[in-house]
1. Do any trypsin sites (Lys or Arg not before Pro) in the stretch 3-78 lie in a loop, going by DSSP, with at most 12 other beta-carbon atoms within 10 Å of their beta carbon, and if so which?
2. Kindly state, to the nearest 0.05, the FRET efficiency for T11 paired with V94, given R0 = 25 Å and r defined as their beta-carbon distance.
3. Counting only Cα, what are the radius of gyration and maximum Cα-Cα distance Dmax of the chain, in Å?
4. What's the magnitude of the charge dipole for the chain around its Cα centre, counting Lys and Arg as +1 and Asp and Glu as -1 at the beta-carbon? Answer in Debye, nearest 20.
5. What are the GluC sites (Glu not before Pro) within the stretch 12-94 that DSSP puts in a loop, where the Cβ has at most 13 other Cβ atoms within 10 Å?
6. Report the chymotrypsin sites (Phe, Trp or Tyr not before Pro) located in the stretch 18-63 that are in a DSSP loop and have at most 15 other Cβ atoms inside 10 Å of their Cβ, or state none.
Amino acid sequence: MRIGKVIGQLTLSRSHESVKGFRWKIVVPVTEDDLRTKKEPQTEELIVYDDLSVGEGQWIAFSEGAEASMPFFPNPKPIDAYNAAILDQIELPV
């Protein structure tokens, strides 16, 4: 599971039949260093499936790879990342 910041949303004009009606968010993954220094993340954005209605600027916890499709078991979906949680607060150990 990784942490990311939502920077936008994606709208598809066409999609695979198994993901019609899905909501997609553009997310920038963040590192522990980004969180500690409060710098803007400098990593490449990715597209995350969202069924929690997260908004732009919010922090999320997301899964990638095979774990991203587990919420849909036994009917797999062609997704690479899944929004598992909206984060209200992030505390780092000293």
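Every number here is computed from the coordinates shown, using simple stated rules; none is lab data. The structure displayed is predicted, hence computed values, not measured ones. Virtual Cβ from ideal backbone geometry, glycine too; neighbours counted across all protein chains shown.
1. Numbers: sites: K5, R14, K20, R23, K25, R36, K38, K39; in loops: R14, K20, K38, K39.
Qualifying residues, ordered by number: R14, K20, K38, K39.
2. 0.05
3. Rg, Dmax (Cα atoms, Å): 13.8, 47.
4. It comes to approximately 260 debye.
5. Within the stretch 12-94, the qualifying GluC sites (Glu not before Pro) (loop, at most 13 other Cβ atoms within 10 Å) are E44, E56, E91.
6. Those satisfying the criteria are F22.
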